[in-house]
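Q: Take a look at this one; I'll ask things after.
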Amino acid sequence: MQALNGLTFSGEELTEATLTSVLQHERARAVGLDNDDDLNRHRELALEYFKGVVTDLADMVETVLPDLIEVFFGGEDAVSFRASSEEDVEAAEQETDYLRQIVFQRNDGFSEIYTWFKEALLCRVGIAKWCWNEDAEYEDYEQEVDPIGLQQLQEMGLEIVSAEPNEETGMIAVEARKMCSPPTVEWMAVPSSDFATAPETVRLKDAPYCVMRSNPQVQDLIADGYDADTVRGLPNAEADEDEGVDFARNTSREDEDETVSMGDLRRVEIMEHYIRADFEGNGKPQIYRITTADSEKVILDVEKRPAIEFAAVSPYPMPFKLIGQDLADKVMPWQRINTALLRNGLDN
């Protein structure tokens, strides 16, 4: 964890206890997660209506969604940069090629946008997260080469990990690797029920506070560089107060088995808090990402970030509010009426 040395809060040295209290307070007042029963009930009901025998809501969502997706993927210029001048044409083409590689090859762009928009149509707001993944993938090579072969490996772009000459044969035992997948931008849709933001938030990029919940495996957290002993000491992720939303998403009884995995295969609850605060005491609030576990009792990481790394979309925005309305708000009353008429007709 990044040390808190040099950071302050309200003119006093920032301690772990103070930071924990601040995060608990901001999470408690945020809109979302377990704090908004009305919003969670709406999401649960909308998801159940979507799977209903009377399919008004499902028909409307599946009619609207293709038109939305076509805006982003329907033309040849989808996901592209436009040159601002003749001198900028070549650079814009290179930027477009890179962007398309990020969206379609390095990420499952179509699927993520489809999920992001569908969540918004059913749950009032869709949330997407992006981040820079420093991890690179390599192909490893081990072979014996002569000095000329060693030079050729370097010219091919291989990174020489070790090279041990054999005096008897004159050959060199080389361990090398080649980067096949460089660090990249990752982005993905996030369940809206696993996200909360400060109630005064209008534009997510300007949010004073927001938080995302996830349930990674212990082994994944260790692979990400978190302290193994700390992570292994975390409690299992438990069912949340808004578990009704998760159950409503099920189509094949996925969440009925309460058996948990063992050892490093266990899942634990992690919170990623983004808070805009003047922790450096220079009068300029900055954005910090603070990763916690066990209801903010354990602080895993504190890192300064350049931006709030989330984006939000709402089908029917409300002025001066982040969360608007969705198709479910418009269609569910009619589906309720049609369901009642269908039941009365069958009963008769």
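The values are calculated or read from the model by the stated rules, or taken from the named source; none is laboratory data. This is a predicted model, so every value here is computed, not measured. No Cβ is skipped: glycine too gets one built from the backbone with ideal geometry, and neighbour counts run over all protein chains shown. The area values use the complete protein model at the heavy-atom level, side chains included, leaving out ligands, DNA and RNA. Shrake-Rupley method; radii C 1.70, N 1.55, O 1.52, S 1.80 Å.
Q: Let me spell it out: the conditions are (1) within 26 Å of residue 270 (Cβ to Cβ); (2) free of Cβ contacts under 8 Å to residues at least 40 places away in the same chain, and residue 197 meets all of them except one. Which number is the exception?
A: (2)
Q: Another question, then. Which of the numbered conditions does residue 130 fail, given that it passes all the others? Conditions: (1) assigned to a helix (DSSP H, G or I); (2) at pLDDT 85 or above; (3) closer than 30 Å to residue 272 by Cβ; (4) open to solvent by 20 Å² or more (accessible area, probe 1.4 Å).
A: (1)
Q: Another one. Consider only pairs whose beta carbons are under 6 Å apart and that are at least six residues apart or on different chains; among these, list those whose first residue lies in the range 204-231 and is surrounded by fewer than 15 Cβ atoms within 10 Å (Cβ to Cβ) and whose second residue is in a strand (DSSP E or B).
A: 215/267
Q: Hey, can you tell me all the residues within the range 9-21 that are open to solvent by less than 40 Å² (accessible area, probe 1.4 Å) and closer than 23 Å to residue 231 by Cβ? Step through it out loud before you land on a result.
A: Initial filter on the range 9-21 (open to solvent by less than 40 Å² (accessible area, probe 1.4 Å)): 14, 19-20.
Answer for the range 9-21, where residues must be open to solvent by less than 40 Å² (accessible area, probe 1.4 Å) and closer than 23 Å to residue 231 by Cβ: 19, 20.
Q: Moving to a separate point now. Would you please name the residue that is farthest from residue 42 (Cα to Cα), looking only at residues in the range 311-348 that are of a type in the set (A, V, I, L, M, F, W, C) and part of a strand (DSSP E or B)?
A: Step one: filter the range 311-348 for residues of a type in the set (A, V, I, L, M, F, W, C), giving 311-313, 318, 320, 322-323, 327-328, 331-332, 334, 337, 340-342, 346.
If we keep only those that are part of a strand (DSSP E or B) too, we end up with 311-313.
Numbers: 311: 21, 312: 18, 313: 17 Å.
Applying the filter and picking the extreme gives 311.
Q: Condition check: touching a strand residue (DSSP E or B) at 6+ places or on another chain (Cβ under 6 Å), touching a residue at least 12 places away in the same chain (Cβ under 8 Å) and either open to solvent by less than 40 Å² (accessible area, probe 1.4 Å) or of a type in the set (A, V, I, L, M) (or both). Does residue 293 satisfy that?
A: Details: touching a strand residue (DSSP E or B) at 6+ places or on another chain (Cβ under 6 Å): yes; touching a residue at least 12 places away in the same chain (Cβ under 8 Å): yes; either open to solvent by less than 40 Å² (accessible area, probe 1.4 Å) or of a type in the set (A, V, I, L, M) (or both): yes.
Answer is yes for this residue.
Q: Restricting to the range 189-200, name every residue that is surrounded by 17 or more Cβ atoms within 10 Å (Cβ to Cβ) and touching a strand residue (DSSP E or B) at 6+ places or on another chain (Cβ under 7 Å).
A: 189, 190, 192, 194, 195, 196, 197, 198 - these are the residues of the range 189-200 that are surrounded by 17 or more Cβ atoms within 10 Å (Cβ to Cβ) and touching a strand residue (DSSP E or B) at 6+ places or on another chain (Cβ under 7 Å).
Q: Right, something else. Being surrounded by fewer than 20 Cβ atoms within 10 Å (Cβ to Cβ) and over 18 Å from residue 337 (Cβ atoms) is the filter here; which residues of the range 41-50 pass it?
A: Residue satisfying the conditions is 41 alone.
Q: I would also like to ask the following. For residue 272, only one of the following conditions fails: (1) part of a helix (DSSP H, G or I); (2) at pLDDT 95 or above; (3) of a type in the set (Asp, Glu). What is its number?
A: Failed condition: (1).
Q: If a residue counts only when it is under 23 Å from residue 106 (Cβ atoms), under 19 Å from the mean Cα position of the chain (by Cα) and of a type outside the set (Lys, Arg), which strands (runs of 3 or more DSSP E) contained entirely in the range 162-263 have at least 1 such residues? Don't jump to the end; show me each part of the working.
A: Details: elements: 172-181, 184-190, 195-197, 209-214.
Once the strands (runs of 3 or more DSSP E) in the range 162-263 are filtered for at least 1 residues that are under 23 Å from residue 106 (Cβ atoms), under 19 Å from the mean Cα position of the chain (by Cα) and of a type outside the set (Lys, Arg), what remains is 184-190, 209-214.
Q: Out of 81, 117, which single residue is in contact (Cβ under 8 Å) with a residue 60 or more places away in the chain and not basic (Lys, Arg)? Let's see the steps before the verdict.
A: Numbers: 81 fails: in contact (Cβ under 8 Å) with a residue 60 or more places away in the chain.
Criteria check complete, one pass: 117.
Q: Somewhere in the range 255-267, is a residue of a type in the set (Val, Ile, Thr) and open to solvent by 80 Å² or more (accessible area, probe 1.4 Å)? Break it down stepwise before answering.
A: So the first thing to find is which residues in the range 255-267 are of a type in the set (Val, Ile, Thr), and the list is 259-260.
Next, from what is left, pick out any that are open to solvent by 80 Å² or more (accessible area, probe 1.4 Å): 259-260.
The answer is yes; a qualifying residue exists.
Q: Within the range 133-162, which residues are open to solvent by less than 90 Å² (accessible area, probe 1.4 Å), over 26 Å from residue 221 (Cα atoms) and not β-branched (Val, Ile, Thr)?
A: Residues satisfying the conditions are 141, 143, 146, 147, 149, 150, 153, 157, 158, 159, 162.
Q: Can you name the number of the only condition in (1) open to solvent by 80 Å² or more (accessible area, probe 1.4 Å); (2) touching a strand residue (DSSP E or B) at 6+ places or on another chain (Cβ under 7 Å); (3) more than 30 Å from residue 205 (Cβ to Cβ) that residue 166 fails?
A: Here residue 166 meets the rest and fails (1).
Q: Based on what the data block shows, is residue 345 surrounded by 12 or more Cβ atoms within 10 Å (Cβ to Cβ) and not hydrophobic (A, V, I, L, M, F, W, C)?
A: Details: surrounded by 12 or more Cβ atoms within 10 Å (Cβ to Cβ): no; not hydrophobic (A, V, I, L, M, F, W, C): yes.
The answer is no for residue 345.
One line per residue, one yes/no per condition, for (1) more than 23 Å from the chain's Cα centre (by Cα); (2) exposed (fewer than 13 other Cβ atoms within 10 Å of the Cβ); (3) of a type in the set (A, V, I, L, M):
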{"position": "7", "(1), (2), (3)": "yes, no, yes"}
{"position": "39", "(1), (2), (3)": "no, no, yes"}
{"position": "52", "(1), (2), (3)": "yes, no, no"}
{"position": "57", "(1), (2), (3)": "yes, no, yes"}
{"position": "61", "(1), (2), (3)": "yes, no, yes"}
